[in-house]
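What follows is calculated from the coordinates using simple rules that are stated; it is not laboratory data. Because the structure is a prediction, the values reported are computed rather than measured. Virtual Cβ from ideal backbone geometry, glycine too; neighbours counted across all protein chains shown.
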Amino acid sequence: MNLKNYPIATKLLEKEIENNPINADAYYYCALSLTNGKRIKSLPFSIIKKIKNYLNTAIELNETSKFYFLAAIINYDFFQENGMLLPEPNYNFLLLKVKEFNLENDDLEYLKNIIEIPKNEIFNKIITNQIL
């Protein structure tokens, strides 16, 4: 995905999921590749549904802060910013999980290189490593 060739990354990651269905990272990176590097708010609902399904599976397999952080971004940037009903768990709960599992700086930097992080007080605190 570093080469920004998201469709190829998606196909390769879907193949990895098929071959190794317990690889939580494959689900996460597949979800991330479906963004095509675009702002979450601008994605079609059909893509958001796929992303959420991949993320939910990743979280079921292995709870990590980066999975919760991407889920929080989706809940905030797509649902909140588009004036839609927030799905449960909401982004505040998901961000508490991010804090609980301690988001690694490398994971944050990688994510920032792929998608735009929402610009609000809560997300800014995470980005600047402040306590929620």
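Using a Gaussian network model of the chain in which every pair of alpha carbons under 10 angstrom is joined by a spring, one finds that among ASN82, ASN36, ASN23 the greatest mean-square fluctuation is at ASN82. Which of LYS97, LYS49, LYS66 moves most in a GNM of the chain, Cα contacts under 10 Å? Its mean-square fluctuation being the largest, the pick is LYS49. Counting Lys and Arg as +1 and Asp and Glu as -1 over every other residue whose Cβ lies under 11 Å from the Cβ of PHE67, the net charge comes to -2.
Could you please report the charge total around ASP107, scoring K, R as +1 and D, E as -1 over all other residues with beta-carbon less than 13 angstrom from its beta-carbon? Charge balance in the 13 Å sphere: -2.
Adding -39500 (n - 2.57) for every DSSP H run of four residues or longer, then dividing by how many residues the chain holds, sets the calculated 222 nm ellipticity at -18500 deg cm²/dmol. Relative intensity of region 6-127 on a log10 scale, I(q)/I(0) at q = 0.12 Å⁻¹, equals -0.39, per a Debye sum over C-alpha point scatterers of equal strength in the absence of solvent.
Once you reduce region 63-77 and region 98-115 to the center of their Cα atoms, the two points are 10 Å from each other.
Taking a ≥ b ≥ c as the square roots of the eigenvalues of the Cα gyration tensor, region 47-97 is classed as oblate, since a/c reaches at least 1.5 and a/b does not exceed b/c.
Springs between Cα atoms under 10 Å define the GNM used for the chain, and in it the highest mean-square fluctuation of LEU12, LEU61, LEU85 occurs at LEU85.
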